[in-house]
1. Could you tell me what a quarter of the Cα convex hull surface of the stretch A:18-112 works out to, in nm² with one decimal place?
2. In peptide A:175-185, how many Cβ atoms from other protein chains are near each Cβ within 10 Å, on average?
3. Considering only the label points, 7 Å along Cα→Cβ from Cα, what distances in nm to one decimal separate residue A:143 from the same position in each other copy, shortest first?
4. The stretch A:132-235: which trypsin sites (Lys or Arg not before Pro) are DSSP loop and have at most 11 other beta-carbon atoms within 10 angstrom?
5. Report Rg(Cα)/(2.2 N^0.38 Å) for the stretch B:1-73, keeping two decimals.
6. Tell me the relative contact order for the stretch B:32-129 as a rounded percent, counting alpha carbon contacts under 8 Å between residues six or more apart.
7. May I ask what percent, to the nearest 5, of DSSP beta bridges between residues of the stretch A:146-254 are antiparallel?
8. Using a 7 Å offset from Cα along the direction of the beta-carbon, what are the separations from residue A:199 to the same position in each other copy, nm, ascending?
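Bear in mind that the values in this text are calculations on the coordinates, not laboratory data. Just so we're clear, the structure is a prediction, and the values are computed from it rather than from any experiment. Backbone-built Cβ (ideal geometry, glycine too); neighbour counts: all protein chains shown.
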2 protein chains.
Amino acid sequence: MRILVTNDDGIFAEGIYDLAKALQDIGEVIVAAPNSERSATGHAITIHHPLRVDKVRFFDTTIEAYSISGTPADCVKLAVEALLKDRRPDIVISGINNGPNLGTDVIYSGTVSAAVEAAIMDIDSIAISMGSTNITQYTDAANFVCRIAKEIIHNNDIKDTIININYPTCPKEEVKGVKVTTLGVRKYENTFIERKDPRGNSYYWTSGNVVDMEQNQDSDILALQNGYISITPIHFDLTHFKTFEKIKKLNFQK
Amino acid sequence: MRILVTNDDGIFAEGIYDLAKALQDIGEVIVAAPNSERSATGHAITIHHPLRVDKVRFFDTTIEAYSISGTPADCVKLAVEALLKDRRPDIVISGINNGPNLGTDVIYSGTVSAAVEAAIMDIDSIAISMGSTNITQYTDAANFVCRIAKEIIHNNDIKDTIININYPTCPKEEVKGVKVTTLGVRKYENTFIERKDPRGNSYYWTSGNVVDMEQNQDSDILALQNGYISITPIHFDLTHFKTFEKIKKLNFQK
């Protein structure tokens, strides 16, 4: 199988290195990732300036690798539609992210958006993130992804599904198991810090502490808190079908 | 009602001017919008550099207005959590965008992401876009939004719903009516154009032509093509509930 690997921490991050190395055991690996960190870029794409692509040596490996001056979604789009035009990947795997991508937060995530971009192009995809930034190694998570990739690839039942994985940072023997989850709710407080520059003008830093909220029993946040690997199936159809009929009844006039 | 207005075309775009002016008839209007165009920024937020805020004169009006060095999602977050901390808006309205936000494309849209950010903060919201870039005036769309805002505000039945509107650019008398729709499918071909710089190095422009695809009968794309105003209820929970049970059956082991 041909595997396109990307991330949002940048092409020279530790997580993408361990991921790409491990994936070599199960297929042909190509890396196409941002030339620097692009966290919290969500599903941004670059339309106002052109993209540069540099073919680079990927650490100590011989893996084919492209460093791109764009967002994670740009990288997947450009790799599939231009760089690998005649070598379409079977799967896109994004990560391993240095920190979690859980609940409401996935909408801001460059890591997850890269996987979503693959799904939009009808390619199977996985996003993989470490459950905290307190990381000692990425190898266990990388090996886990290899197994998941083999299980989900070309499975028509889950064709339009992006697999979003968060992997605990505890030692492997302490991992409780695997839970298939739904996206929980994440909210923040004190989200902006105001400072003054030397000329007395204000500027604001985006910040914020996670608020402890009650979670649904299936929540990815809860699963991770309890020591499980969370696997959340996600998709890109934002239509709110539950309120569709209610909105229809409002009977809007032109 | 207190109305926060934003967009992704930048604070001095025509669309936001006509929108804010019209909304003055139904409430207190505050504008907080990007200081320049931020199209296709999706749900990006700014975490690696601070945000600057300038209080600005908004065209020929006395509307309270803030020009912000961030994305549309940043603008909504910062306005609600910092600038209007003790004056929480009742509704956030984003637009009027110079061009459509339909189908799969809404995931890339700064206009829609601003409205999504409001929903994440439990605030009612509307995204409004013109159905094409062939725009002669924004006034009809702005007046339409005033009516919709009054209908949906504080309606508990549709509390967690973002209202995504696309308004035809034909004369008002030719508008066929209003359709409540689902997000259709938008795909592109020839998505990258490769060029050479004067030193012979390649660069790529994101481009692409919309592929004509078969649409579901409820599709927003179809409604607009047929001369209707499309109203699509959307939400931010990306969980793919349809495949949740199927994924569970795969029985992953740690």
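1. Convex hull of Cα atoms, orientation-averaged projection: 6.6 nm².
2. Whole-number average of other-chain Cβ neighbours for A:175-185 is 4.
3. Once sorted, the set of distances for residue A:143 reads 6.9 nm.
4. Here the sparse-neighbourhood loop sites are A:199.
5. 1.08
6. 32
7. In the stretch A:146-254, DSSP labels about 70 percent of beta bridges as antiparallel.
8. 3.3
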